[in-house]
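S.K.: Got a structure here, written out as structure tokens. Questions coming.
The values are calculated or read from the model by the stated rules, or taken from the named source; none is laboratory data. Quick caveat, the model's predicted, so the values are computed rather than measured. Every residue, glycine as well, gets a Cβ built from its backbone with ideal geometry; the counts of neighbours run over all protein chains shown.
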Amino acid sequence: MAAEGKTIDALSQFELIPVLGPVGRAVGFSQSNAHMLLAVGLVSLLMLAGIRKRALVPGRLQAASEMFYEFIENLVTGQVGHEGKKYFPFVFALFMFVLFGNLIGLLPYAFTYTSHIAVTLGLAATVFFVTTIVALALHGKKFFGYFFPEGAPLWLAPIIVPVELVSYLSRPISLSVRLFANMVAGHVLLKVFATFVVLLGGLGMIGPVAALLPLSVNVLLVGFEILVAFLQAYVFAILTCIYLHDAVHLH
Amino acid sequence: MEHRDGFDDRLRKARTRQGLDPEPVKGTGGLPTGPWGIGFRAGVEVVSALVVGAAIGFGLDRWLGTFPWLFLVFFVVGGAAGVLNIYRLFNPRPGARP
């Protein structure tokens, strides 16, 4: 499909296609939504199966779910402190959703919903509103002191306040663009090199030998993409924790 | 008095874990710090601040009908916020853990 007409078509993999026939078309249920449901289902399955036995010596599933749980718990308490424990479910849900989205997207024929800016911006906007509401609820009017550091001369306020405000508003943008750009770049690279394999493979005698080169690059890239999938989910979670820390402690 | 099985040590750790004692200050357990990671992050921070600044300026201009003046002002403000973001990236606010 990628090498049709001997051109490289790296972006068609991000197209949304309605699934579930006429019903899906009517309500706009695309394969992206289907993969989100799949990810939520897999995360629920992993956690439910992991805690079902509650064995003293954990089996494989239990060890995996405990590992995820402890990883995020350490992250939240390490970054936010003990006041942050109530935000653990929020961070955990975000992390697992992003991680499974990234990982499922690496399987053949699967769709990466984190490669759409609409999805990542939606997640980042949720983080933004939650942290702002937490800060407002905990500190009330003092929250607005965040935009003007103590001890700065008052006549600088017309410059400092807009700059701080724009800096604060740029958080969801940078959070979402980082995840989105990483996923898109990785999948475009994979697709481009996969197309090279097909194009070179059709070059007669030396074709299959030459095609080995992009194929080996792709093998390396898949490994790298698995790393990126974990890393970006981690970055998303840790930045959420940092914003929560700012909201709770208001420095 | 120190117990031989490290009871005090374990008790202290358990108390810290449950939030009864203040946590010992740790080093930066923060973001990955590869050259590519830092570089990409810095770029994203600048661009996103610029985009937000330009968007605010453009929106205010559309509303007040003063194109292009507020757009220009907020473009500069966005640039300043981008530089501020980079500054925060390397020097977090005092008291804030990275």
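S.K.: Counting just the residues of the range A:196-251 that are hydroxyl-bearing (Ser, Thr, Tyr) and surrounded by fewer than 19 Cβ atoms within 10 Å (Cβ to Cβ), which one comes out nearest to the other protein chains (Cβ to nearest Cβ)?
M.R.: Across the range A:196-251, the extreme among qualifying residues is A:234.
S.K.: State all residues of the range A:126-153 that are within 12 Å of another protein chain (Cβ to nearest Cβ) and of a type in the set (Gly, Ala, Ser); if no residue qualifies, say none.
M.R.: Step one: filter the range A:126-153 for residues within 12 Å of another protein chain (Cβ to nearest Cβ), giving A:128, A:146-147, A:149-151.
Result: A:151, single match.
S.K.: Can you tell me how many residues within the range A:74-119 are within 14 Å of another protein chain (Cβ to nearest Cβ) and outside any helix (DSSP H, G or I)?
M.R.: Residues in the range A:74-119 being within 14 Å of another protein chain (Cβ to nearest Cβ) and outside any helix (DSSP H, G or I): 1 in total.
S.K.: Hey, another quick one. May I ask you to list pairs of residues, at least six apart or on different chains, whose Cβ atoms are under 7 Å apart, with the first in the range A:106-130 being acidic (Asp, Glu) and the second being assigned to a loop (DSSP other than H, G, I, E, B) and at pLDDT 95 or above?
M.R.: Going by the 7 Å Cβ cut-off, there are no qualifying pairs.
S.K.: Report yes if residue A:151 is outside any helix (DSSP H, G or I) and out of contact with any Asp or Glu (no Cβ under 6 Å at 6 or more places or on another chain), otherwise no.
M.R.: Yes: the conditions hold for residue A:151.
S.K.: Same structure, new question: If we scan the range A:196-217, do we find a residue that is under 24 Å from the mean Cα position of the chain (by Cα) and part of a helix (DSSP H, G or I)?
M.R.: For the range A:196-217, residues under 24 Å from the mean Cα position of the chain (by Cα) and part of a helix (DSSP H, G or I): absent.
S.K.: Scan the range A:82-104 and tell me whether some residue there is out of contact with any strand residue (DSSP E or B) (no Cβ under 6 Å at 6 or more places or on another chain) and at positive phi.
M.R.: no
S.K.: So, in the range A:154-171, exactly how many residues are facing another protein chain (nearest Cβ under 9 Å) and out of contact with any Asp or Glu (no Cβ under 8 Å at 6 or more places or on another chain)?
M.R.: Residues flagged as facing another protein chain (nearest Cβ under 9 Å) and out of contact with any Asp or Glu (no Cβ under 8 Å at 6 or more places or on another chain) within the range A:154-171 amount to 10.
Residue-by-condition table, conditions (1) at pLDDT below 85; (2) more than 30 Å from residue A:12 (Cβ to Cβ):
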{"site": "A:152", "(1), (2)": "yes, yes"}
{"site": "A:161", "(1), (2)": "no, yes"}
{"site": "A:164", "(1), (2)": "no, yes"}
{"site": "A:175", "(1), (2)": "no, no"}
{"site": "A:184", "(1), (2)": "no, no"}
{"site": "A:190", "(1), (2)": "no, no"}
{"site": "A:212", "(1), (2)": "no, no"}
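S.K.: To continue, here is another question. Answer with yes or no whether residue A:174 is touching a His at 6+ places or on another chain (Cβ under 7 Å) and buried (at least 16 other Cβ atoms within 10 Å of the Cβ). Can you show your working first?
M.R.: Numbers: touching a His at 6+ places or on another chain (Cβ under 7 Å): no; buried (at least 16 other Cβ atoms within 10 Å of the Cβ): yes.
In short, no.
S.K.: Please go through the range A:17-43 and pick out each residue that is part of a loop (DSSP other than H, G, I, E, B) and surrounded by fewer than 16 Cβ atoms within 10 Å (Cβ to Cβ).
M.R.: A:17, A:20, A:28
S.K.: Among (1) surrounded by fewer than 20 Cβ atoms within 10 Å (Cβ to Cβ); (2) more than 18 Å from residue B:55 (Cα to Cα); (3) under 13 Å from the mean Cα position of the chain (by Cα), where does residue A:152 come up short?
M.R.: Answer for residue A:152: the failing condition is (3).
S.K.: Applying the selection to the range A:44-73, what residues are within 14 Å of chain B (Cβ to nearest Cβ) and either without any contact (Cβ under 8 Å) to a residue 12 or more places away in the chain or loosely packed, with under 15 Cβ neighbours inside 10 Å (or both)?
M.R.: Selection gives A:70, A:71.
S.K.: Here's another thing I want to ask about it. Could you say which residue among A:44, A:65, A:12, A:32 is of a type in the set (Ser, Thr, Tyr), modelled with pLDDT under 85 and out of contact with any strand residue (DSSP E or B) (no Cβ under 6 Å at 6 or more places or on another chain)?
M.R.: It is A:12.
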